[in-house]
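Derivation of every value follows stated rules applied to the coordinates shown; laboratory data play no part. Since the structure is predicted, the reported quantities are computational estimates derived from the model, not experimental observations. Heads up, the Cβs are rebuilt from the backbone with ideal geometry, glycines too, and the neighbour counts pull from every protein chain shown.
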Amino acid sequence: MKDNITKTYQIMTPVYADKAEVFANIKSGPAQAIAKAGKIFIRGNYLFINEVDKGIHIYDNANPTNPRDVAFISIPGNIEVAVSGHYLYADMYTDMVTIDIGDPLQAKLVDTTLGVFPERAYGYGFAPDNSKIIVDWIIKDTTVTIDGTDGGIYPGGGCPNCSYYAVPAAQASPDKANNVPGIAGSMARFVIVNLYLYAVNQGALLVYDINNESNPVRKSEQYLGWLIETIYPFKNNLFIGSSSGMLIFNIDNPVAPEQVSAFSHASACDPVVSDGDYAFVTLRSNDRCAGNTNQLDVVDVSTLIHPELIKIYPMTGPQGLGKDGNLLFICDGTDGVKIYDAENVYDLKMINRIPDLDAFDVIPWANRLLVSASEGIMQYDYSDPMNIQLLSTIRTAGK
């Protein structure tokens with residue numbers, strides 16, 4: 001007879017709220033500290049910072065050396081954010097909400113678009129109550145005793161004595177300079193181009209007409225495959241990253257994007273940016289991303305119908321990236337943010353590095369670099385890329 005086995009699990013029990021209550025609370029609330037920074041968006045003098053699964057922090061960034069936290073908008077299940085005119089668009093689990101931010105201190109919900117994103121996959125047999133909305137999780141470590149005669153392993157690795165055992169998808173695996181157009185980071189899943197919003201979910205590209213910015217209207221949906229991850233616009237083209245490659249779509253007809261070509265790579269997570277001549281694709285492998293590849297692929301896209309891999313650079317654990325002129329910025333795991341001279345793509349030269357940051361994504365614009373990291377949101381002046389200067393830090397709670 002085998003001895004009993006004890007195992008300790010992290011039990012996560014959902015906290016629900018009625019949908020009417022959640023919708024009523026989608027409005028400007030008091031500014032609050034950031035616990036877990038996610039995706040970032042800049043427009044004009046404002047920073048919009050996602051609090052993973054919680055909502056959007058709004059910062060007045062007119063003085064980048066002292067950004068001022070002005071409001072927080074509670075949006076359960078939020079990961080994405082984009083802004084056009086006086087309206088902010090954000091995901092709330094499967095749905096997209098449109099919020100009037102003409103006055104950021106008096107933001108208000110004006111529209112809800114259903115079914116833009118797929119259901120969250122929680123695993124371990126957990127199925128949420130879709131009549132309500134998860135607004136929080138109660139986390140508790142629990143030790144259970146398992147009869148050793150069954151091998152000590154519960155099928156699927158779950159917790160046999162727990163009514164709920166789930167990890168939220170977002171936690172399983174986060175002058176010219178002041179006249180900033182709407183810019184998202186490379187990890188974005190929806191972008192705005194000429195009053196059309198392009199969103200990717202795990203398997204499709206969706207197009208919304210936002211000429212009436214308060215009322216997005218779905219115009220088309222195209223099936224792309226599976227494990228679609230990111231979308232990046234450059235001029236009249238969309239560069240879409242998936243776990244197996246990059247897709248390029250032309251949007252001369254904005255309501256009916258036309259696929260121009262595809263570039264395949266090893267299975268991995270892969271945000272992408274482009275300058276029109278080249279696409280820069282970071283491939284990363286971890287528990288969520290398949291494969292064992294950590295590298296930067298440089299792809300010649302000067303002839304869009306024939307993208308061609310021209311160079312591979314090894315990386316540690318790359319995530320988001322950005323490009324401004326000849327400068328290429330890459331978030332590379334424990335190696336921090338790397339800055340390259342990319343004038344010669346066949347011979348990228350690392351000219352500087354921001355160490356000691358667990359960086360997720362970057363936005364470079366007009367000699368100012370915005371970095372989203374587990375430590376918080378940092379802004380740098382890179383007018384002299386050999387001597388990058390820290391302008392300000394918005395630290396996450398406890399960091």
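General remarks:
- Amide H contacts under 5 Å for ARG368: TYR382, restricted to partners 5 or more places along the chain or on a different chain, H placed in the peptide plane at 1.01 Å from N.
- Placing a pseudo-label 7 Å from each Cα along the Cα-to-Cβ vector at ILE351 and ASP275 gives an inter-label distance of 1.1 nm.
- Cross-link pairs LYS108/LYS140; LYS54/LYS235; LYS108/LYS323; LYS108/LYS338; LYS36/LYS140; LYS54/LYS338 - those with Cα-Cα distance over 28 Å: LYS108/LYS140; LYS54/LYS235; LYS108/LYS323; LYS108/LYS338; LYS54/LYS338
- Theoretical gain in end-to-end length, TRP226 to GLN389 [0.36 nm per residue, Cα-Cα removed]: 54.6 nm
- Simple spin-label estimate for ASN253 and ASN215 gives 2.6 nm between the two label positions (7 Å along the Cα-to-Cβ direction from each Cα).
- For the stretch 253-399, average projected area of the Cα convex hull in nm²: 10.2 nm²
- Arranged from fewest to most other beta-carbon atoms within 10 Å of their beta carbon, THR8, THR396 become THR8, THR396.
- Given R0 = 35 Å, the distance between the Cβ atoms of ALA62 and ASN344 translates into a calculated FRET efficiency of 0.40.
- Table column - 3J(HN,Hα) (Hz), the stretch 56-62, Karplus curve with 6.51, -1.76, 1.60, x for Gly and Pro: 10, 8, 10, 10, 7, 10, 4
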